[in-house]
Ligand SMILES: [Zn+2]
Ligand SMILES: [Zn+2]
């Protein structure tokens with residue numbers, strides 16, 4: 001009967017494996033089906049009509065249904081993408097056999113909620129295999145565990161039937177057996193609001209509070225449903241004490257918030273801290289960025305204010321080997337304050353918690369709710385990804401979330417004696433806040449991420465909410481941009497989506513799981529166009545989990561969203577809506593989402609991970625489909641890459657080479673303020689020190705040059721580890737510039753107007769004491785120019801006069817050349833490069849100013865830019881009296 005071919009055989013020892021054996025090799029994958037050829041491509045068609053592309057040439061063509069030894073290849077979603085045929089055996093046509101795969105392998109990656117598991121399978125003298133199988137939540141697998149696994153093919157996936165641990169140190173016998181699991185497709189029912197039939201165990205919570213605190217009279221806020229448990233916030237009205245209770249099955253935990261101290265305690269007497277040069281605790285203010293300096297990622301700031309060391313934010317970098325902020329600078333932190341729940345601001349909080357146990361951590365209630373989902377996701381991503389180290393474990397995570405205290409937005413609180421803190425609505429995402437701190441004579445405002453424009457899920461930051469502060473640390477993400485009108489962008493996105501689906505295509509909107517995705521859902525749901533179209537919206541990935549949090553916490557959302565609930569409608573997942581919002585709950589359902597015209601909203605927004613890559617890799621090749629990027633993309637992310645592609649280009653995504661046929665467009669639905677919003681905030685806070693962080697090189701420097709910022713504030717663009725001390729000017733400022741900050745800017749002058757001109761008499765003491773006027777006096781010749789109601793005086797050197805004349809002549813010459821700067825030629829192509837040139841001369845490289853030049857050379861760093869600016873002599877303004 002057997003007619004096995006001569007192809008190399010996989011090792012198929014099917015012996016019983018005793019516990020304690022090291023790496024016994026087993027790999028045996030037997031599927032039944034027949035080979036068919038479609039348009040010249042070979043497929044293995046299984047009994048259930050699922051087809052798999054054959055990777056290598058078929059060892060021998062045999063007609064009819066056969067039993068095949070195969071080696072499957074799986075992609076990142078565990079789908080079998082192709083198969084390599086090894087050999088085949090005849091099979092009776094009526095035989096009904098399950099398609100089985102047996103293997104011994106080590107767990108090398110665990111997917112989200114353990115739904116996916118990747119094994120490394122060693123085979124002697126053959127390539128090591130890596131296979132991703134579908135698993136179940138209750139298998140409780142561990143990384144690097146050696147397992148004997150039996151799996152069955154269901155559709156395009158391999159689902160684990162049983163797994164036996166072979167690790168020596170795991171005991172023996174029955175304990176090693178991991179419970180076999182059902183292979184029924186796991187379609188989770190849509191999550192329901194906490195059902196009223198299972199009331200939370202309030203009495204047990206009150207008993208636990210009494211036992212733990214020995215105080216009675218606690219009042220519980222409504223219980224919050226958590227993963228397999230309940231949680232309460234509690235308050236003791238008599239003293240104002242606050243606590244939190246968590247009940248998970250048998251486990252009950254109580255966390256008592258540290259008592260709020262109302263009176264300012266004199267700390268100088270019982271603490272030995274060197275404060276500043278004068279040793280004055282009330283004037284000390286020092287900031288040191290530990291991340292997000294000269295870039296985005298791992299936001300974290302160490303602040304010494306009064307006698308305290310405070311940490312603001314503790315985020316991670318999304319990728320690479322260096323995910324953490326420079327926590328080694330921390331000495332003895334007294335408190336951690338958190339602005340919002342994006343990974344780059346919160347991702348390293350569990351690490352902080354483990355290094356500094358017992359230090360209080362405070363955020364807004366909205367941030368804590370979202371932190372549950374975001375941090376859980378950070379943990380899973382770490383476990384799945386080969387190149388990001390595991391920073392914390394499940395225990396750290398649970399402890400962090402339980403101990404994370406909350407304070408509402410807009411209310412002063414005093415977490416440490418004398419330290420006033422306030423969270424101010426930042427308008428960036430749900431729960432996001434700016435942090436204001438004040439101690440003694442000093443105050444500081446850290447913006448976190450913010451948006452001055454309202455969106456559907458958050459109300460924008462209001463300038464009136466912002467206090468003045470001595471130091472301002474502001475994000476600068478869009479420091480170089482001006483956003484188009486938000487409403488217009490939203491309408492354009494909706495129209496573009498409608499156009500694609502009307503023609504029968506699919507639209508993928510890769511979106512940040514938090515904020516952007518929910519906005520797009522709401523925009524579509526309230527759009528009249530979509531009511532008529534009646535097309536489904538699928539949501540996948542982290543988007544789903546975050547949307548659940550939004551749905552369960554409507555109080556955190558603007559009134560327009562709450563209105564849905566008041567009309568007894570689901571604002572997000574409403575299956576009865578004309579455009580139903582359908583969560584994709586398993587990778588198996590993904591092809592469904594693309595089978596008919598639809599909108600798919602999936603994370604991640606930059607296509608750096610998550611299911612959006614899966615959809616993109618299919619839809620990019622479809623002519624009638626589209627990918628609409630909706631927000632910020634990192635320079636090197638696939639999301640940015642796609643924006644620069646044209647039809648017909650090829651691109652590699654998710655390991656597949658793709659031919660771009662779909663439409664790719666970008667819409668700007670930003671959650672950050674633009675240059676205008678940023679400068680408004682800066683002027684409102686009016687700090688002495690302006691610290692620019694959280695932006696690209698271009699954004700940080702463009703912002704520093706915006707308007708008159710550099711004339712009004714000490715601007716710092718620090719690197720990680722730099723120290724910014726209140727009162728100390730940034731190193732790049734010239735002595736002359738410093739004088740400008742310190743001397744009065746306004747004084748009275750006498751003006752005597754005559755027919756042919758005017759005399760302006762400057763008070764003698766000003767000319768003598770203010771070096772700026774001395775400088776003007778020294779040059780002898782001044783230029784005067786009206787700018788609105790200001791008369792601007794600037795010194796004129798002999799060179800300036802020649803330049804002015806050359807410009808006035810209208811001729812093409814160095815004076816009007818794009819490469820002419822500070823009297824020198826800056827064109828590398830020119831023989832005069834870096835030499836002082838005659839403004840009236842001209843060379844072959846001449847390009848008139850204002851003509852767009854490709855490959856504009858950006859100055860490398862801040863010192864260079866400021867140095868260049870310092871060469872110019874400052875201008876002076878005379879203010880008419882009515883403006884004083
Ligand atoms: Zn953010
Ligand atoms: Zn951020």
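The values are calculated or read from the model by the stated rules, or taken from the named source; none is laboratory data. Keep in mind it's a predicted model, so treat the numbers as computed, not measured. Virtual Cβ from ideal backbone geometry, glycine too; neighbours counted across all protein chains shown.
Of note:
- Considering region 517-528, the residues that are at pLDDT 85 or above and over 24 Å from residue 115 (Cβ atoms) include one that is surrounded by the most Cβ atoms within 10 Å (Cβ to Cβ), namely 520.
- Evaluation of residue 531 against (1) within 23 Å of residue 491 (Cα to Cα); (2) crowded, with 18+ Cβ neighbours inside 10 Å; (3) touching a residue at least 40 places away in the same chain (Cβ under 8 Å) (one fails), failing number: (2)
- Within region 594-618, being in contact with a strand residue (DSSP E or B) (Cβ under 7 Å, 6 or more places away or on another chain) and either closer than 13 Å to residue 501 by Cα or not assigned by TED's automatic domain parsing to the domain that holds residue 649 (or both) holds for 594, 597, 598, 599, 600.
- Some residue of region 377-389 being within 16 Å of ligand 1 (Cβ to nearest atom) and free of Cβ contacts under 8 Å to residues at least 60 places away in the same chain: no
- The set of residues in region 788-804 that are touching a residue at least 24 places away in the same chain (Cβ under 8 Å) and more than 46 Å from the chain's Cα centre (by Cα) comprises 791, 793, 795, 799, 802, 803.
- Complete set of residues in region 536-549 that are surrounded by fewer than 22 Cβ atoms within 10 Å (Cβ to Cβ) and not in a helix (DSSP H, G or I): 536
- The set of residues from region 341-361 being within 16 Å of ligand 2 (Cβ to nearest atom) and within 15 Å of residue 291 (Cβ to Cβ) comprises 342, 343, 344, 345, 346, 347, 348, 349.
- Hits in region 285-302 (condition: more than 14 Å from ligand 2 (Cβ to nearest atom) and buried (at least 24 other Cβ atoms within 10 Å of the Cβ)): 285, 287, 290
- Yes/no for residue 400 being surrounded by 19 or more Cβ atoms within 10 Å (Cβ to Cβ), closer than 20 Å to residue 356 by Cα and either more than 16 Å from ligand 2 (Cβ to nearest atom) or at pLDDT 95 or above (or both): yes
- Residues in region 308-335 that are away from ligand 2 (no atom under 16 Å from the Cβ), closer than 15 Å to residue 421 by Cα and either within 15 Å of the chain's Cα centre (by Cα) or surrounded by fewer than 24 Cβ atoms within 10 Å (Cβ to Cβ) (or both): 308, 309, 334, 335.
- Residues (away from ligand 1 (no atom under 16 Å from the Cβ) and either surrounded by fewer than 21 Cβ atoms within 10 Å (Cβ to Cβ) or farther than 27 Å from residue 418 by Cβ (or both)) located in region 467-482: 467, 468, 470, 480, 481, 482
- Failed item in (1) surrounded by 12 or more Cβ atoms within 10 Å (Cβ to Cβ); (2) modelled with pLDDT under 75, with residue 744 passing the rest: (1)
- Checking residue 113 against (1) touching a helix residue (DSSP H, G or I) at 6+ places or on another chain (Cβ under 8 Å); (2) surrounded by 15 or more Cβ atoms within 10 Å (Cβ to Cβ); (3) modelled with pLDDT under 75; (4) within 26 Å of residue 384 (Cα to Cα), the condition it does not meet: (2)
- Here residue 361 fits the description: touching a residue at least 24 places away in the same chain (Cβ under 8 Å), more than 16 Å from ligand 1 (Cβ to nearest atom) and closer than 24 Å to residue 445 by Cβ.
- Residue within region 404-413 that is in contact (Cβ under 8 Å) with a residue 60 or more places away in the chain and assigned to a helix (DSSP H, G or I) present: no
- If the condition is being surrounded by fewer than 20 Cβ atoms within 10 Å (Cβ to Cβ) and touching a helix residue (DSSP H, G or I) at 6+ places or on another chain (Cβ under 6 Å), then region 691-709 contributes 706, 707.
- Of all the numbered requirements in (1) buried (at least 21 other Cβ atoms within 10 Å of the Cβ); (2) in a helix (DSSP H, G or I), residue 392 misses one, and that requirement is (2).
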